[in-house]
Amino acid sequence: MSRFLVRRLIQSVVLLFIVLTITFFLLRLAPGDPMSRYYNPDFSPEMARQVRESLGLDRPLIEQYFRWIRAFARGDFGESIRYQRPVRELLAEAIPNTLRLTIAALALHILVGIFLGVLSAARRYSPFDRVNTIAALFVYSIPEFWLALMLILVFSLKIHALPSSHMQSLDVEGMSALSLFLDRARHLVLPAFVLGIASAASTARYMRGSMLDVLREDYIRTARAKGLPENRVILKHALKNAALPVVTIIGLDLPFLLGGAVIVETIFSWPGMGRLAVDAIYARDYPVVLAINFVVAAIVIIANLLTDIAYGVLDPRITVGRGGGK
Amino acid sequence: MSPVEDDPAGARRTQRLWSQGWSRFRKNRFGMAGAGIILVLYLAAALAPMLTPYDPIAQGDVPRMRYVAPCMEHPLGTDKFGRDVLSRVIYGSRISLMIGILAVTIAILLGALVGAAAGYFGGATDAILMRIVDALLAVPRIFLLITCVALFSGSVWLIIVLLGATGWMTTARLVRAQVLSLRNLDYVKAAEALGAGGRSIIWRHVIPNTATVIIVAATLRIGGIILTEASLSFLGLGVPPPTPSWGQMVFEGREALLSAWWLSTFPGIAIAVTVIGFNLLGDALKDAFDPRQFV
């Protein structure tokens, strides 16, 4: 197990390195100039040269690249060209907000997905199962941004039940902790739902299929033959094994969630990484774009690693590592 | 796998695979419904000039005709510029379908090429190509796309190329796996032992046997690509106006969401119906051609 972990860790570091390299050269080979925001009649070429020099943009590309890699390795993400603040600070503000959104969406994804999948499998071919199948297909096929707008139209604009943007109300000063929490929870409902529901639908499909496979196994027949009630057979005997493949799906779904956060954060004016990324790309704010790509890739790679480990823990039959030992 | 594996004639095996799959497919009602939806969409796109009652781009008589609610004359209402939404939705199908098909073709060709190369040559080639695939999959596609589109500022063709260039990785993995498993099949080994060269093996055995995998993967990817294109348009990074595209229409409707709900609603339904069509078709093809291949 530990040898496997070490190898996977090394692989992960190499992966991150490749991601950084690809993003760096992609950004720098593209036309466009972060300096363009400074251009105005008072800004002399001499000043431009000085700013360039201070940002290191005058050095040969390959030298800039190695400097960047070294700085990244030390955890130094540089300074935002646009905000003239350390990228680390910008990220420290944005990451918790994105995490709050994605964790809420992930919870919805897992709970709703597994619940509906198990129920569908238990009542296979019932009207409930059929409605579920069609609803899942529908939810999976509608664009996130459109769903968001329709929900805003109904729940915010028509019946005024939920806020349509931002993370909290403007007048939070002096609110008690409880009402602040409720206020934030209300702001979270629509974005988290939009972000999580498509994944929940696909997980429900996988869960159903996986459950049906397990229900065909001999040991389930044995459990039933012993006279156990069906609820117990499903929840106690089948669920654990059926959930296994689904764990992988959930891990692999993370890039999808983080990608969806870009759209959802833009629509709901949510101050997270997705919005920061979109703004930074438009402003050619290279350090911010590079850092966000790095952080997102790191989150995804770590999640994949954890998925592998969780898989090994949940299923003792799987022996990780080449030697077959644990 | 199946008993046909023992069949020494690879060609016969391939033929049987296709005809069996086809007959299974025709029995699938959902799949046929999907095929029907897509057929109607293509007809609508092709016949757009004949079907649409109004010009999709020319502005209407603005103060009087703007934001007209759905009525007999304008079944889906009109927009800010007095343009007929129904006509624009019908014309919008052209962009979505064209981008979907072309981008998926690029993605699949690239993926098949990389996957086949990795699977066939193995060794260092395989290791390097697959690590690149892993790295690209680790960054969510939309980050890659908005980075590229914003930086290289877009035209339709650029968007098609970029959607293709960022969508090939899963296909590469799929094809690589398929090539690896094919290489170990008895009849391929037999062909090798009989002195068949690499090229003949690729053309006679590898390509025909990977074709179903590729077609299914392509159909299932189109829906996703159409959704991604719509998202880009929604972020203002898609096809430049005034060409009608569904994502952009949803975006434009956003500013009058409460007073003119039809602007965002109908193009969104069009996107959903299209994606549902391709997903139904893809699922049915998957079930018909290889029940176990795709998990």
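Which numbered condition in (1) at pLDDT 80 or above; (2) surrounded by 20 or more Cβ atoms within 10 Å (Cβ to Cβ) is the only one that residue B:289 fails?
(1)
Test residue B:116 against the stated conditions and say whether it is without any contact (Cβ under 8 Å) to a residue 40 or more places away in the chain and over 15 Å from the mean Cα position of the chain (by Cα).
No; evaluated as a whole, the condition is false for this residue.
What number goes with the only condition from (1) over 30 Å from residue B:172 (Cβ atoms); (2) more than 8 Å from chain A (Cβ to nearest Cβ); (3) in a helix (DSSP H, G or I); (4) β-branched (Val, Ile, Thr) that residue B:265 does not pass?
Condition not satisfied by residue B:265: (2).
Among (1) part of a helix (DSSP H, G or I); (2) within 18 Å of the chain's Cα centre (by Cα); (3) more than 12 Å from chain A (Cβ to nearest Cβ), which single condition is residue B:126 missing?
For residue B:126, the failing item is (2).
Identify, from the list A:248, A:266, the residue that is hydroxyl-bearing (Ser, Thr, Tyr) and under 19 Å from residue A:117 (Cα atoms).
A:248
Does the range A:134-168 hold any residues that are more than 10 Å from every other protein chain (Cβ to nearest Cβ) and of a type in the set (Lys, Arg), and which are they?
Of everything in the range A:134-168, nothing turns out to be more than 10 Å from every other protein chain (Cβ to nearest Cβ) and of a type in the set (Lys, Arg).
Taking the range B:138-171 on its own, how many of its residues are of a type in the set (A, V, I, L, M), more than 7 Å from chain A (Cβ to nearest Cβ) and in contact (Cβ under 8 Å) with a residue 12 or more places away in the chain?
Selection size over the range B:138-171: 11.
Scan the range B:200-219 and tell me whether some residue there is within 14 Å of chain A (Cβ to nearest Cβ), part of a helix (DSSP H, G or I) and modelled with pLDDT of 80 or more.
yes
Working carefully through the options A:296, A:289, find the one that is over 13 Å from the mean Cα position of the chain (by Cα), buried (at least 24 other Cβ atoms within 10 Å of the Cβ) and facing chain B (nearest Cβ under 8 Å).
Testing whether each residue is over 13 Å from the mean Cα position of the chain (by Cα), buried (at least 24 other Cβ atoms within 10 Å of the Cβ) and facing chain B (nearest Cβ under 8 Å) leaves just A:289.
Restricted to the range B:221-255, and to residues that are among the aliphatic types (A, V, I, L, M) and within 11 Å of chain A (Cβ to nearest Cβ), which residue is surrounded by the fewest Cβ atoms within 10 Å (Cβ to Cβ)?
Step by step, filter the range B:221-255, then rank; the result is B:235.
Look at residue A:206 and say whether it is under 23 Å from the mean Cα position of the chain (by Cα), at pLDDT 80 or above and surrounded by fewer than 23 Cβ atoms within 10 Å (Cβ to Cβ).
yes
The values are calculated or read from the model by the stated rules, or taken from the named source; none is laboratory data. Everything numeric in this text was worked out from a predicted model, so none of it was measured. Glycine gets a Cβ as well: all are built from the backbone with ideal geometry, and neighbour counts include every protein chain shown.
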